[in-house]
Amino acid sequence: MSSIKEPVIIHKGLDGVYVKESRICYVDGEASRLFYRGYSIEELTAKSTYEETAYLLIYGALPSKTQLQEFVKRIEDYRPIDSGILQLLQSLPSTCNALDALRTAISALGAYDPEPETTSWGVGGMEARIDKSLQILAKTPTIIAAFDRLRNHQDPINPKPGLSHAADFLYMLSNNVPDAYDTRVMDVALILHAEHEMNASTFACTVTASTLADMYSIITSGICALRGPLHGGANEAALKTVMEVGDPSNAEAYVTQALAEKKRIMGFGHRVYKTWDPRYKVLKKIGTELAERKGQTTLFNTALAIESSALRHLAGSPIFPNVDSYSGLVFHMLGITIDLFTPIFALSRIAGWTAHSMEYLESNRLIRPKALYVGQIGLEYVPIEQRPA
Ligand code: ACO
């Protein structure tokens with residue numbers, strides 16, 4: 001029994017608990033607004049690139065032309081991966097989930113780095129940490145694409161200097177340099193996933209960072225938290241639902257039955273947004289255009305029908321479509337295999353994970369909450385022979 005006398009408030013899910021002040025991201029869950037470092041997501045997706053947005057998130061301000069060129073070159077130089085990582089990816093069973101492969105490979109990157117830890121602190125130490133993180137950010141598309149090709153008995157493709165992060169990823173997956181339209185779609189999707197305040201994976205990274213662990217451990221923690229269907233896995237689940245439903249005419253029956261069985265509609269609901277997720281709006285617009293271009297209108301119309309049916313059933317509740325309701329569909333229309341969606345989320349979110357870990361480390365305090373003990377104490381140990389069978 002606990003010896004605590006005063007009433008204890010338990011913040012299950014840490015709802016409403018603040019762990020730091022932040023200048024990185026503002027999520028206005030009531031007014032459907034999202035800002036990275038003060039810039040709206042609509043402004044960034046219309047005018048910026050993933051690389052520039054990553055710089056903004058990590059360094060706190062938009063780069064000058066020279067700073068951006070140096071940043072892009074640094075990422076480009078870091079893209080190739082060690083042959084040992086390729087062998088590791090090749091050794092994984094064909095049944096291995098792509099996010100499991102990415103998690104394993106990022107962890108292994110730490111093993112291949114002769115100096116995974118940065119021991120100096122202060123400004124120089126922070127830059128050394130950021131540099132490690134940029135190496136991970138740069139190698140992640142190479143890892144995901146190599147894994148996908150190896151499991152399909154194809155040779156991995158080396159990164160192509162001169163391509164953007166988005167274009168190079170699509171190129172390494174397919175061995176075709178994507179056109180400007182597909183590149184821009186991927187770039188916008190990466191910008192939209194790059195950051196979202198103190199979500200489960202960012203908090204996981206922050207907890208690991210607070211122990212002063214190395215960047216490989218920090219980023220691996222984020223990937224682990226992203227694995228579940230309530231967070232990173234929802235985009236895959238949402239697309240699978242659309243495929244299973246198969247036709248707009250089946251949507252109403254599916255939604256009615258799912259809600260009657262207390263199942264969740266994937267791609268709906270959010271802990272912070274109690275209205276439209278602004279990322280959803282951008283992706284739906286892209287998806288509409290992409291569906292026409294790629295001739296995938298039945299699938300897209302099925303998603304629209306599920307959405308309108310769910311919105312009708314859930315009217316009056318604070319459950320609205322989130323970023324994942326169309327992101328999987330957009331990736332699918334770009335020709336990407338379903339279990340790569342969550343790895344792509346990770347690929348992009350490394351920018352946000354890095355920014356938050358660095359910000360927390362500026363005035364670090366080991367994260368160590370408490371659990372209210374409600375069990376017994378002082379029990380007498382009973383030898384196994386004397387316990388009931
Ligand atoms: N479909 C149907 N009902 C839902 C949904 C949904 N997608 N989401 C929440 N609800 C219902 C719950 O069943 C619950 O109902 P009850 O009070 O009758 O039991 C009520 O809304 C509150 O649910 P909570 O889980 O407490 O709401 P919370 O705000 O914590 O949930 C979450 C957020 C976990 C994202 C939830 O909405 C969900 O499971 N959504 C489906 C998965 C998903 O799309 N995840 C992606 C989130 S965005 C991201 O991580 C990038």
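The values are calculated or read from the model by the stated rules, or taken from the named source; none is laboratory data. Predicted, not measured: the structure shown is a model, and the values here were computed from it. So basically every Cβ, Gly included, is an ideal-geometry build from the backbone, and we count neighbours across all protein chains shown. Note: accessible area is taken over every heavy atom of the protein model, side chains too, but ligands, DNA and RNA are not part of it. Shrake-Rupley method; radii C 1.70, N 1.55, O 1.52, S 1.80 Å.
General observations
- Average accessible surface for region 1-152: 54 Å² per residue, computed with a 1.4 Å probe over protein heavy atoms with every protein chain in place.
- In plain terms, the chain from GLN67 to VAL272 could stretch by 70.4 nm, reckoned as 0.36 nm per residue minus the Cα-Cα distance.
- Solvent-accessible surface ranking, highest first, for HIS196, HIS313 at 1.4 angstrom: HIS313, HIS196
- Within straight-line cross-link reach of LYS294, lysines at Cα separation under 17 Å, skipping those fewer than 8 residues along the same chain: LYS284, LYS285
- Pair GLU42, LEU14: separation of 7 Å Cα→Cβ label points (nm): 3.1
- Unit charges on C-beta of K, R, D, E only; dipole of region 248-320, Debye: 300
- Kirkwood Rh, angstrom, the chain [1 / mean 1/r, Cα pairs]: 22.3
- Computed extension gain for THR211 through ASN250, at 0.36 nm per residue and net of the alpha carbon distance, reaches 9.0 nm.
- Mean ellipticity per residue at 222 nm, deg cm²/dmol - from DSSP H runs of n ≥ 4 across the chain, formula -39500 (n - 2.57): -18000 deg cm²/dmol
- Euclidean distance between Cα centres, region 73-108 to region 8-30, Å: 33
- A crude spin-label estimate for the pair GLN386 and CYS96, with each label 7 Å from Cα along the Cβ direction, gives 5.0 nm.
- Only Lys, Arg (+1) and Asp, Glu (-1) charged, at Cβ; the chain dipole about Cα centre in debye: 620
- Euclidean distance between Cα centres, region 136-177 to region 221-248, Å: 23
- Each of ILE10, LEU329, TYR50 was scored by the projection of its Cα onto the charge dipole of the chain, and the greatest displacement toward the positive side belongs to ILE10; charges sit on the C-beta of Lys, Arg, Asp and Glu.
- In the assembled protein chains, MET358 presents an accessible area of approximately 10 Å² (probe radius 1.4 Å).
- Solvent exposure of GLU261, expressed as accessible area, is near 90 Å², computed with a probe of 1.4 Å over the protein chains only.
- Carbon/sulfur fraction of accessible area - region 5-92, other protein chains in place, 1.4 Å, %: 53
- Volume per residue that the Cα convex hull of region 1-158 spans, once the total is divided by residue count, Å³: 240
- With the convex hull of its Cα atoms as the shape, region 132-251 has an orientation-averaged projected area of 9.7 nm².
- In this rough spin-label picture, where each label sits 7 Å from Cα along the Cβ direction, the TYR373-GLU261 distance is 4.3 nm.
- Centre-to-centre, using Cα atoms only, region 315-343 and region 291-309 are separated by 12 Å.
- For THR297, the accessible area of its heavy atoms, probed at 1.4 Å with every protein chain present, is near 50 square angstrom.
- Of ALA146, ALA108, ALA189, the one that fluctuates the most in a GNM where the chain has Cα springs shorter than 10 Å: ALA108
- Within region 1-95: Cβ-based charge dipole about Cα centre, in debye rounded to nearest 20 (Lys, Arg +1; Asp, Glu -1): 160
- GNM top mover of PRO178, PRO369, PRO343 - the chain, alpha-carbon springs below 10 Å: PRO369
- P(r) tail for region 278-353: Cα pairs beyond 15 Å make up 60% of the total.
- Computed over the Cα atoms of region 122-197, the ratio of the radius of gyration to the Kirkwood radius (Rg/Rh) comes to 1.05.
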